[in-house]
Amino acid sequence: MRVEIKFRPAKEGTILPFNYNYDVYVQLLEKMAIVSPEIAHEAEVSHVDYFTFSRIMVRKRELIPDRGIRVLSDDVSLYVSSSSSELIKAVVEGFIDSPVLQLGDSAFIADDIKILKEPRIKEGALFSTLSPIMVRTVKLSGNRMKIWDLYPSEEAFFDKLRKVMLMRYSAIMGTMPEEKDFAIDVIKFKPVRILVRDTYYRGSLMIFRYHGSPEIARFGYENGFGEKTRYGFGMVKVIDEEPKREGQE
(Lines give C-alpha, C1' and ligand atoms only; values in the text may rest on other atoms or scores of the structure.)
Protein backbone atom coordinates (compact mmCIF):
# COMPACT_ATOMS: atom_id res chain seq x y z
CA MET A 1 0.00 0.00 0.00
CA ARG A 2 1.23 3.48 -0.87
CA VAL A 3 0.01 6.91 0.17
CA GLU A 4 0.77 10.45 -0.92
CA ILE A 5 0.75 13.04 1.85
CA LYS A 6 0.58 16.67 0.77
CA PHE A 7 1.89 19.29 3.19
CA ARG A 8 1.65 23.05 3.11
CA PRO A 9 4.50 25.07 4.59
CA ALA A 10 3.48 26.63 7.91
CA LYS A 11 4.77 30.01 6.76
CA GLU A 12 5.90 31.78 3.62
CA GLY A 13 9.56 31.41 2.70
CA THR A 14 9.93 28.05 4.46
CA ILE A 15 13.32 26.42 3.87
CA LEU A 16 13.50 22.64 3.63
CA PRO A 17 16.85 21.45 5.04
CA PHE A 18 19.02 19.29 2.78
CA ASN A 19 19.30 16.34 5.17
CA TYR A 20 15.87 15.58 6.59
CA ASN A 21 15.67 11.77 6.26
CA TYR A 22 16.20 10.95 9.92
CA ASP A 23 13.65 13.54 11.04
CA VAL A 24 11.06 12.06 8.67
CA TYR A 25 11.84 8.52 9.89
CA VAL A 26 11.47 9.47 13.55
CA GLN A 27 8.22 11.33 12.97
CA LEU A 28 6.72 8.50 10.92
CA LEU A 29 7.34 6.26 13.92
CA GLU A 30 5.74 8.87 16.17
CA LYS A 31 2.63 9.04 13.96
CA MET A 32 2.39 5.22 13.97
CA ALA A 33 2.72 5.18 17.77
CA ILE A 34 -0.31 7.47 18.19
CA VAL A 35 -2.48 4.76 16.64
CA SER A 36 -0.55 1.55 17.30
CA PRO A 37 2.43 1.57 19.70
CA GLU A 38 2.97 -2.10 18.81
CA ILE A 39 3.42 -1.41 15.10
CA ALA A 40 5.71 1.55 15.80
CA HIS A 41 7.85 -0.46 18.21
CA GLU A 42 8.25 -3.37 15.80
CA ALA A 43 9.13 -1.01 12.94
CA GLU A 44 11.75 0.69 15.10
CA VAL A 45 13.51 -2.25 16.80
CA SER A 46 13.31 -4.90 14.08
CA HIS A 47 16.35 -5.52 11.88
CA VAL A 48 13.87 -5.69 8.99
CA ASP A 49 12.88 -2.52 7.12
CA TYR A 50 9.08 -2.65 6.91
CA PHE A 51 8.54 0.56 4.95
CA THR A 52 10.12 3.17 2.75
CA PHE A 53 9.50 6.79 1.88
CA SER A 54 10.36 9.19 -0.90
CA ARG A 55 12.31 12.37 -1.06
CA ILE A 56 10.11 15.36 -0.32
CA MET A 57 8.87 16.55 -3.69
CA VAL A 58 8.95 20.33 -4.14
CA ARG A 59 7.54 21.46 -7.49
CA LYS A 60 8.73 25.05 -7.35
CA ARG A 61 11.84 25.88 -5.34
CA GLU A 62 14.97 27.92 -4.93
CA LEU A 63 18.31 26.49 -3.82
CA ILE A 64 19.83 28.32 -0.84
CA PRO A 65 23.50 27.22 -0.51
CA ASP A 66 24.49 25.93 2.95
CA ARG A 67 20.87 26.17 4.14
CA GLY A 68 18.48 24.11 2.05
CA ILE A 69 15.65 24.53 -0.42
CA ARG A 70 13.27 27.49 -0.25
CA VAL A 71 9.76 26.21 -0.95
CA LEU A 72 8.03 28.42 -3.50
CA SER A 73 5.10 26.09 -4.29
CA ASP A 74 1.87 25.96 -2.27
CA ASP A 75 2.55 22.41 -1.11
CA VAL A 76 5.06 19.58 -1.08
CA SER A 77 4.52 15.81 -1.30
CA LEU A 78 5.83 12.82 0.62
CA TYR A 79 5.12 9.23 -0.41
CA VAL A 80 5.14 6.39 2.14
CA SER A 81 4.91 2.73 1.14
CA SER A 82 4.80 -0.70 2.78
CA SER A 83 3.44 -4.18 2.14
CA SER A 84 1.76 -3.82 5.57
CA SER A 85 -1.57 -2.06 5.14
CA GLU A 86 -1.86 -1.79 8.93
CA LEU A 87 1.41 0.16 9.11
CA ILE A 88 0.28 2.58 6.40
CA LYS A 89 -3.11 3.03 8.06
CA ALA A 90 -1.33 3.87 11.32
CA VAL A 91 0.77 6.51 9.51
CA VAL A 92 -2.33 8.02 7.87
CA GLU A 93 -4.39 8.12 11.07
CA GLY A 94 -1.39 9.48 12.97
CA PHE A 95 -1.07 12.44 10.59
CA ILE A 96 -4.82 13.05 10.76
CA ASP A 97 -4.56 13.23 14.55
CA SER A 98 -1.26 15.15 14.58
CA PRO A 99 -0.70 16.83 11.19
CA VAL A 100 2.59 18.67 11.82
CA LEU A 101 5.85 17.48 10.25
CA GLN A 102 8.79 19.35 11.77
CA LEU A 103 11.99 19.37 9.71
CA GLY A 104 14.72 21.37 11.38
CA ASP A 105 13.35 24.86 11.99
CA SER A 106 10.61 24.42 9.40
CA ALA A 107 7.10 23.10 9.95
CA PHE A 108 4.77 21.55 7.39
CA ILE A 109 1.07 20.82 7.89
CA ALA A 110 -0.55 17.71 6.37
CA ASP A 111 -3.43 18.98 4.21
CA ASP A 112 -4.37 16.00 2.08
CA ILE A 113 -3.69 12.26 2.18
CA LYS A 114 -4.68 9.81 -0.52
CA ILE A 115 -4.12 6.12 -1.16
CA LEU A 116 -2.54 5.54 -4.56
CA LYS A 117 -3.72 2.95 -7.05
CA GLU A 118 -1.40 -0.04 -7.34
CA PRO A 119 0.31 -0.06 -10.75
CA ARG A 120 0.56 -3.05 -13.04
CA ILE A 121 4.16 -4.26 -12.99
CA LYS A 122 4.86 -6.23 -16.13
CA GLU A 123 7.98 -8.03 -17.33
CA GLY A 124 10.53 -5.46 -18.44
CA ALA A 125 8.89 -2.69 -16.41
CA LEU A 126 10.66 0.65 -16.33
CA PHE A 127 11.28 2.03 -12.84
CA SER A 128 12.40 5.45 -11.66
CA THR A 129 13.61 6.09 -8.12
CA LEU A 130 11.75 8.45 -5.78
CA SER A 131 14.59 8.05 -3.28
CA PRO A 132 18.10 6.69 -3.89
CA ILE A 133 18.84 2.96 -3.85
CA MET A 134 21.63 1.97 -1.50
CA VAL A 135 23.50 -1.30 -1.13
CA ARG A 136 26.62 -1.88 0.92
CA THR A 137 29.42 -4.39 1.23
CA VAL A 138 32.41 -4.93 3.48
CA LYS A 139 35.97 -4.54 2.20
CA LEU A 140 39.31 -5.22 3.82
CA SER A 141 41.32 -2.00 4.19
CA GLY A 142 44.72 -2.71 5.71
CA ASN A 143 43.96 -4.81 8.77
CA ARG A 144 40.44 -3.46 9.17
CA MET A 145 37.06 -4.25 7.65
CA LYS A 146 35.38 -1.19 6.15
CA ILE A 147 31.77 -0.69 5.10
CA TRP A 148 31.63 0.33 1.44
CA ASP A 149 28.64 1.83 -0.36
CA LEU A 150 28.27 0.49 -3.89
CA TYR A 151 27.22 2.21 -7.11
CA PRO A 152 25.69 0.60 -10.24
CA SER A 153 29.01 1.18 -12.01
CA GLU A 154 30.39 -1.68 -9.88
CA GLU A 155 29.45 -5.28 -10.66
CA ALA A 156 29.22 -6.09 -6.94
CA PHE A 157 26.25 -3.71 -6.72
CA PHE A 158 23.99 -6.10 -8.62
CA ASP A 159 25.08 -9.24 -6.76
CA LYS A 160 24.57 -7.56 -3.40
CA LEU A 161 21.20 -6.13 -4.43
CA ARG A 162 19.94 -9.61 -5.35
CA LYS A 163 21.05 -11.03 -1.99
CA VAL A 164 19.55 -8.13 -0.03
CA MET A 165 16.19 -8.38 -1.76
CA LEU A 166 15.92 -12.13 -1.23
CA MET A 167 16.84 -11.79 2.44
CA ARG A 168 14.37 -8.96 3.00
CA TYR A 169 11.61 -10.77 1.11
CA SER A 170 12.11 -13.90 3.21
CA ALA A 171 12.19 -11.95 6.48
CA ILE A 172 9.00 -9.97 5.80
CA MET A 173 6.93 -12.42 3.76
CA GLY A 174 7.99 -15.50 5.74
CA THR A 175 8.92 -17.50 2.65
CA MET A 176 11.08 -17.28 -0.44
CA PRO A 177 9.56 -16.10 -3.74
CA GLU A 178 8.63 -18.78 -6.26
CA GLU A 179 10.91 -17.11 -8.77
CA LYS A 180 14.14 -15.89 -7.22
CA ASP A 181 16.10 -14.58 -10.19
CA PHE A 182 15.89 -10.99 -11.35
CA ALA A 183 18.10 -8.44 -13.08
CA ILE A 184 18.06 -4.70 -13.56
CA ASP A 185 19.43 -2.82 -16.56
CA VAL A 186 20.43 0.66 -15.43
CA ILE A 187 19.64 3.28 -18.05
CA LYS A 188 21.11 6.16 -16.09
CA PHE A 189 22.05 6.94 -12.52
CA LYS A 190 23.16 9.84 -10.36
CA PRO A 191 25.19 9.27 -7.18
CA VAL A 192 24.00 11.14 -4.09
CA ARG A 193 25.14 11.40 -0.48
CA ILE A 194 22.66 11.80 2.39
CA LEU A 195 23.35 12.45 6.07
CA VAL A 196 21.20 10.29 8.33
CA ARG A 197 21.72 11.29 11.94
CA ASP A 198 25.53 11.24 12.15
CA THR A 199 26.34 8.93 9.22
CA TYR A 200 26.61 9.67 5.51
CA TYR A 201 25.07 7.10 3.17
CA ARG A 202 25.80 7.00 -0.55
CA GLY A 203 23.08 5.88 -2.89
CA SER A 204 21.95 6.17 -6.50
CA LEU A 205 19.02 7.90 -8.10
CA MET A 206 18.33 5.96 -11.26
CA ILE A 207 16.09 4.81 -14.04
CA PHE A 208 16.26 1.07 -14.68
CA ARG A 209 14.47 -1.70 -16.49
CA TYR A 210 13.51 -4.70 -14.40
CA HIS A 211 13.45 -8.33 -15.56
CA GLY A 212 12.62 -11.50 -13.69
CA SER A 213 10.81 -12.38 -10.47
CA PRO A 214 7.40 -10.69 -10.32
CA GLU A 215 7.28 -11.27 -6.56
CA ILE A 216 10.51 -9.33 -6.00
CA ALA A 217 9.29 -6.57 -8.33
CA ARG A 218 6.10 -6.10 -6.32
CA PHE A 219 7.97 -6.39 -3.02
CA GLY A 220 10.50 -3.77 -4.13
CA TYR A 221 7.72 -1.42 -5.21
CA GLU A 222 5.98 -1.75 -1.84
CA ASN A 223 8.96 -1.87 0.53
CA GLY A 224 11.82 -0.35 -1.45
CA PHE A 225 14.84 -1.74 -3.28
CA GLY A 226 18.13 -2.14 -1.45
CA GLU A 227 19.05 -1.40 2.16
CA LYS A 228 18.08 1.13 4.85
CA THR A 229 14.70 1.76 3.26
CA ARG A 230 13.27 2.85 6.62
CA TYR A 231 15.53 5.90 6.36
CA GLY A 232 14.10 6.94 3.00
CA PHE A 233 16.05 4.87 0.51
CA GLY A 234 14.94 2.66 -2.35
CA MET A 235 11.45 3.91 -3.20
CA VAL A 236 10.56 3.54 -6.88
CA LYS A 237 7.68 4.33 -9.20
CA VAL A 238 6.63 2.57 -12.38
CA ILE A 239 7.04 4.66 -15.53
CA ASP A 240 3.97 4.25 -17.72
CA GLU A 241 5.11 3.41 -21.24
CA GLU A 242 1.64 2.67 -22.61
CA PRO A 243 0.80 4.81 -25.66
CA LYS A 244 -1.71 7.50 -24.85
CA ARG A 245 -5.03 7.54 -26.66
CA GLU A 246 -5.93 10.62 -28.67
CA GLY A 247 -7.27 13.31 -26.36
CA GLN A 248 -5.87 11.59 -23.24
CA GLU A 249 -3.50 13.63 -21.09
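The values are calculated or read from the model by the stated rules, or taken from the named source; none is laboratory data. Nothing here was measured: the structure is a model prediction, and the numbers come from that model. In this analysis, Cβ positions are derived from the backbone assuming ideal geometry, glycine residues included, and neighbour counts consider all displayed protein chains. Remember, those area values only see protein heavy atoms, side chains included, never the ligands or the DNA or RNA. Shrake-Rupley method; radii C 1.70, N 1.55, O 1.52, S 1.80 Å.
Between K117, K31, K188, the GNM of the chain built on Cα springs shorter than 10 angstrom shows K117 fluctuating the most.
Under the criterion of Cα pairs below 8 Å and six or more residues apart, the relative contact order for the chain equals 27 percent.
Classify the stretch 95-177 as rounded, prolate or oblate, taking a ≥ b ≥ c as the square roots of the eigenvalues of its Cα gyration tensor: rounded when a/c is under 1.5, otherwise prolate if a/b is larger than b/c and oblate if not. Oblate, because a/c is 1.5 or more while a/b does not exceed b/c. Taking every alpha-carbon pair in the stretch 165-249 and binning the separations at 10 Å intervals from zero gives 14, 40, 30, 13, 3, 0 percent. A simple charge model with +1 on the Cβ of Lys and Arg, -1 on the Cβ of Asp and Glu and nothing else charged puts the dipole of the stretch 125-238 at about 520 debye relative to its Cα centre.
Relative protection proxy for 180-186, 128-134, from highest mean packing down: 128-134, 180-186 (other beta-carbon atoms within 10 angstrom).
Among V135, V80, V26, the residue with the largest mean-square fluctuation in a Gaussian network model of the chain, with springs joining Cα atoms closer than 10 Å, is V26.
Would you mind telling me the share, in percent, of accessible area of the chain contributed by carbon and sulfur at probe 1.4 angstrom? Present the calculation step by step, with values, prior to reporting the outcome.
Values: 6460 of 13230 Å².
Whole-percent figure for carbon plus sulfur exposure: 49.
Dipole of the stretch 2-116 computed with +1 at Lys/Arg Cβ and -1 at Asp/Glu Cβ about the Cα centre; of L101, M57, L78, farthest Cα towards the positive end is M57. Over the chain, accessible surface divided per residue gives 53 Å², non-protein components excluded, 1.4 Å probe. Membrane-span-like helices in the chain, defined purely by DSSP H runs whose alpha carbon atoms cover 15 Å or more axially and whose average Kyte-Doolittle hydropathy reaches -0.5, are 21-35, 85-97, 155-173. Our helix-only sum for the chain, with -39,500 (n - 2.57) per DSSP H run of n ≥ 4 divided by its residues, gives a mean residue ellipticity at 222 nm of -8500 deg cm²/dmol. Scattering from the C-alpha atoms of the chain alone, worked out with Debye: what is log10 I(q)/I(0) at q = 0.07, 0.08, 0.11 1/Å? Debye intensities relative to I(0), on a log10 scale: -0.24, -0.32, -0.61.
GNM on the chain, alpha-carbon springs under 10 angstrom: the most fluctuating residue among S204, S98, S46 is S46. Between N223, S204, L166, the Cα set farthest toward the positive side of the dipole of the stretch 150-249 (charges on each charged residue's Cβ, about the Cα centre) is that of S204. Legend: residue pairs K188/K228; K117/K180; K6/K60; K122/K160, Cα-Cα distance threshold 20 Å; pairs beyond threshold, K188/K228; K117/K180; K122/K160.
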